[in-house]
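Worksheet for the structure shown next.
The values are calculated or read from the model by the stated rules, or taken from the named source; none is laboratory data. None of the values given here were measured: they were computed from a predicted structure. As a convention, Cβ positions derive from the backbone with ideal geometry for all residues, glycine included, and neighbour counts pool all protein chains shown.
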Amino acid sequence: MLKTGTERVKRGMAEMQKGGVIMDVVNAEQARIAEAAGAVAVMALERVPSDIRAAGGVARMADPTITEEVLNAVSIPVMAKARIGHIVEARVLEAMGVDYIDESEVLTPADEVFHLLKSDYTVPFVCGARDLGEASRRIAEGASMLRTKGEPGTGNIVEAVRHMRMIQGQIRKVVAMSEDELMTEAKNLGAPFEVLLQIKKAGKLPVVNFAAGGIATPADAALMMELGADGVFVGSGIFKSENPEKFARAIVEATTHYQDYKLIAELSKGLGTAMKGIDISTLAHGERMQERGW
Amino acid sequence: MLKIGVLALQGAVREHVAAIEASGAEAVAVKRVDELANLDGLVMPGGESTAMRRLIDKYHFLEPLKKFAQNKPVFGTCAGLILMAKRIQGQDSAHLELIDMTVERNAFGRQVDSFEADLMIHGVGEDYTGVFIRAPFIVEVGPEVEILSKHNDRIVAAKQGHFLCAAFHPELTDDYRLHQYFVKMVQSAKEVVA
């Protein structure tokens with residue numbers, strides 16, 4: 001018997017990405033640069049998050065022409081973003097043969113109450129989370145991979161660090177708890193009890209958890225690995241830097257050898273200016289993408 | 001105790017480490033060339049073969065890996081199988097060129113076509129669940145290669161001397177029979193040398 005779209009096949013795909021870097025690209029040329037630099041996957045977009053931020057207005061699924069162009073350009077997996085709760089954008093991406101869908105707060109949400117029921121799809125999904133409650137709700141909806149939300153398009157790592165530390169700390173707490181304390185913890189976190197029970201028993205999340213949102217330098221990528229990320233997403237950081245090719249390679253190597261500090265020093269030399277970056281406190285709440293999602 | 005390395009440049013390293021340990025050997029994650037010393041065998045995990053190859057080149061792993069493979073057993077799964085093949089369809093060059101076979105990458109289609117299927121693996125057993133993720137398959141093999149398993153007439157596991165490969169992911173299930181099989185290969189290779 002042959003079964004597609006099983007939990008093991010969907011989660012397994014993300015397991016294969018571990019220790020790797022997933023890069024945002026907006027065309028075939030960038031996708032090829034990313035693949036040659038050693039990216040484990042690319043995220044096909046119409047605009048990188050910092051440009052979405054600058055452009056304002058409603059950000060939607062990319063024009064299928066761009067996604068198709070990227071799908072045809074590389075042999076590594078191609079991911080694409082759908083708006084939170086946008087059933088049709090997700091189905092369209094699935095029909096196009098995209099390898100992974102990011103139900104993403106970087107785009108303007110289509111539904112301000114409900115997320116997609118991701119277990120319904122054959123294609124796997126990645127979702128953002130700031131804490132274990134959010135992470136567990138996404139897992140229960142069928143997400144096969146998680147990532148920190150961070151604050152996309154800012155080049156500022158502070159929010160990704162906050163979210164990774166929060167999730168790791170909450171996991172440690174759940175693992176240390178006795179089982180009779182879990183239901184109240186589930187209530188407090190807004191997390192499904194069954195997911196917490198699974199985490200307690202396994203000692204870890206049942207899916208891979210990457211870092212995303214604000215990674216701008218090789219040292220940032222290594223920091224996220226140090227804090228327990230399984231890999232990293234780099235959005236605006238690469239193709240908004242002065243020398244994307246060199247930058248992309250440096251990020252990949254720093255992610256693999258995140259505890260080899262001499263190597264990271266070498267990698268960080270002469271990379272040119274990283275993207276400019278934004279102080280989070282200057283962003284009004286309405287401008288913070290991480291607050292999208294429920 | 002046997003010491004088996006898992007090439008840890010990228011991919012499903014942790015799962016292989018757990019499977020090797022559950023099969024009664026010591027597992028070591030290998031990130032640097034010098035860590036190949038004193039190993040009795042090596043696993044090349046699933047992941048992205050293009051990303052792994054770039055890191056293999058960057059850290060000058062290619063020749064040391066080929067040298068290691070001259071007399072030590074190697075087991076490759078999915079991307080690891082691609083790294084071991086002598087020929088890759090549609091590409092002018094291959095990687096470690098250990099097994100006399102031609103492979104096709106992403107041969108079953110994209111991620112939505114990834115699947116689980118029951119397999120019969122010669123010398124390992126029946127009712128084996130193969131987890132195929134954007135998997136390659138073996139298009140053809142040379143005379144020295146023993147075919148261990150087929151799925152719908154496509155070769156998905158093979159052995160040549162002290163090399164073992166699978167197009168699927170034994171590390172994603174808790175069925176350790178294939179890892180136990182490899183540990184036995186490592187054991188007998190060590191006995192021959194001793």
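So which of B:G90, B:G123 is surrounded by fewer than 20 Cβ atoms within 10 Å (Cβ to Cβ) and touching a residue at least 40 places away in the same chain (Cβ under 8 Å)? Walk me through it before giving the result.
Values: B:G90 fails: touching a residue at least 40 places away in the same chain (Cβ under 8 Å).
None of the others qualify; the one that does is B:G123.
Please go through region A:185-227 and pick out each residue that is in a loop (DSSP other than H, G, I, E, B) and either in contact with a strand residue (DSSP E or B) (Cβ under 8 Å, 6 or more places away or on another chain) or modelled with pLDDT under 95 (or both).
So the first thing to find is which residues in region A:185-227 are in a loop (DSSP other than H, G, I, E, B), and the list is A:190-192, A:203-207, A:212-217, A:227.
Answer for region A:185-227, where residues must be in a loop (DSSP other than H, G, I, E, B) and either in contact with a strand residue (DSSP E or B) (Cβ under 8 Å, 6 or more places away or on another chain) or modelled with pLDDT under 95 (or both): A:L205, A:V207, A:A212, A:G213, A:G214, A:I215, A:A216, A:T217, A:L227.
Table: residues versus (1) over 18 Å from A:H163 (Cα atoms); (2) β-branched (V, I, T); (3) touching a Gly at 6+ places or on another chain (Cβ under 7 Å); (4) surrounded by fewer than 19 Cβ atoms within 10 Å (Cβ to Cβ).
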position	(1), (2), (3), (4)
A:E194	yes, no, no, yes
A:I215	no, yes, yes, no
A:G228	no, no, no, yes
A:I238	yes, yes, no, no
A:G270	yes, no, no, yes
A:I280	no, yes, no, yes
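Has region A:227-242 got any residue that is closer than 20 Å to B:V13 by Cα and either more than 17 Å from the chain's Cα centre (by Cα) or of a type in the set (D, E) (or both)? Give the derivation first.
First, pick out the residues of region A:227-242 that are closer than 20 Å to B:V13 by Cα: A:227-233.
Going one step further and asking which of them are either more than 17 Å from the chain's Cα centre (by Cα) or of a type in the set (D, E) (or both), we end up with A:230.
The answer is yes; a qualifying residue exists.
Just name the residue that is nearest to A:R8 (Cα to Cα) out of those in region B:98-120 that are outside any strand (DSSP E or B), of a type in the set (D, E, K, R) and touching a residue at least 24 places away in the same chain (Cβ under 8 Å). So that I can check it myself, show each step before the final result.
Residues of region B:98-120 outside any strand (DSSP E or B): B:98, B:105-114.
Right, trim to of a type in the set (D, E, K, R) and you get B:105, B:110, B:113.
After this cut, where a residue has to be touching a residue at least 24 places away in the same chain (Cβ under 8 Å) as well, the list is B:105, B:110.
Working: B:R105: 21, B:R110: 16 Å.
For region B:98-120, the residue satisfying everything is B:R110.
Pairs, please: C-beta under 8 Å, at least 6 apart or cross-chain, first residue touching a residue at least 40 places away in the same chain (Cβ under 8 Å) and closer than 17 Å to B:G46 by Cβ and in region B:9-32, second among the hydrophobic types (A, V, I, L, M, F, W, C) and assigned to a loop (DSSP other than H, G, I, E, B)?
Listed pairs, sorted by first residue: B:L9/B:F61; B:Q10/A:V40; B:G11/A:M16; B:A12/A:M16.
Among the helices (runs of 4 or more DSSP H) lying completely within region A:1-69, list those that include at least 2 residues that are within 14 Å of chain B (Cβ to nearest Cβ) and at negative phi. Steps first, please.
Values: elements: A:7-15, A:28-37, A:49-55.
Per the criteria, A:7-15, A:28-37.
When region B:37-50 is examined, which residues are found to be within 19 Å of B:F68 (Cα to Cα) and either out of contact with any Pro (no Cβ under 6 Å at 6 or more places or on another chain) or within 12 Å of chain A (Cβ to nearest Cβ) (or both)?
Taking region B:37-50 as the starting set, the residues that turn out to be within 19 Å of B:F68 (Cα to Cα) are B:37-45.
Scanning region B:37-50 gives B:A37, B:N38, B:L39, B:D40, B:L42, B:V43, B:M44, B:P45.
Of all residues being within 13 Å of chain A (Cβ to nearest Cβ) and part of a loop (DSSP other than H, G, I, E, B) in region B:168-191, which is surrounded by the most Cβ atoms within 10 Å (Cβ to Cβ)? Just the residue, please. Break it down stepwise before answering.
We begin by selecting, within region B:168-191, every residue within 13 Å of chain A (Cβ to nearest Cβ); these are B:168-175.
Subsequent filtering for residues that are part of a loop (DSSP other than H, G, I, E, B) retains B:168-169, B:173-175.
On the way: B:F168: 31, B:H169: 27, B:T173: 19, B:D174: 9, B:D175: 16.
Per the criteria, the residue is B:F168.
Yes/no per residue for (1) surrounded by fewer than 18 Cβ atoms within 10 Å (Cβ to Cβ); (2) under 18 Å from the mean Cα position of the chain (by Cα); (3) assigned to a strand (DSSP E or B); (4) of a type outside the set (K, R):
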position: A:I76; (1), (2), (3), (4): no, yes, no, yes
position: A:K81; (1), (2), (3), (4): no, yes, yes, no
position: A:G85; (1), (2), (3), (4): no, yes, no, yes
position: A:V88; (1), (2), (3), (4): yes, no, no, yes
position: A:R91; (1), (2), (3), (4): yes, no, no, no
position: A:A95; (1), (2), (3), (4): yes, no, no, yes
position: A:V98; (1), (2), (3), (4): no, yes, no, yes
position: A:E112; (1), (2), (3), (4): yes, no, no, yes
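Kindly check whether there is at least one residue in region A:118-126 that is among the hydrophobic types (A, V, I, L, M, F, W, C), more than 15 Å from A:I22 (Cβ to Cβ) and away from chain B (no Cβ under 14 Å). Lay out the reasoning, then the answer.
First, pick out the residues of region A:118-126 that are among the hydrophobic types (A, V, I, L, M, F, W, C): A:123, A:125-126.
With the extra rule that they be more than 15 Å from A:I22 (Cβ to Cβ), the set shrinks to A:123.
Remaining after also requiring away from chain B (no Cβ under 14 Å): none.
The answer is no, given that none of the residues of region A:118-126 is among the hydrophobic types (A, V, I, L, M, F, W, C), more than 15 Å from A:I22 (Cβ to Cβ) and away from chain B (no Cβ under 14 Å).
For the subset of region B:4-30 comprising residues that are part of a strand (DSSP E or B) and β-branched (V, I, T), which member is farthest from the other protein chains (Cβ to nearest Cβ)?
Of region B:4-30, the ones part of a strand (DSSP E or B) are B:4-7, B:26-30.
Of the ones still in play, those that are also β-branched (V, I, T) are B:4, B:6, B:28, B:30.
Numbers: B:I4: 19, B:V6: 12, B:V28: 16, B:V30: 12 Å.
Ranking the candidates gives B:I4 first.
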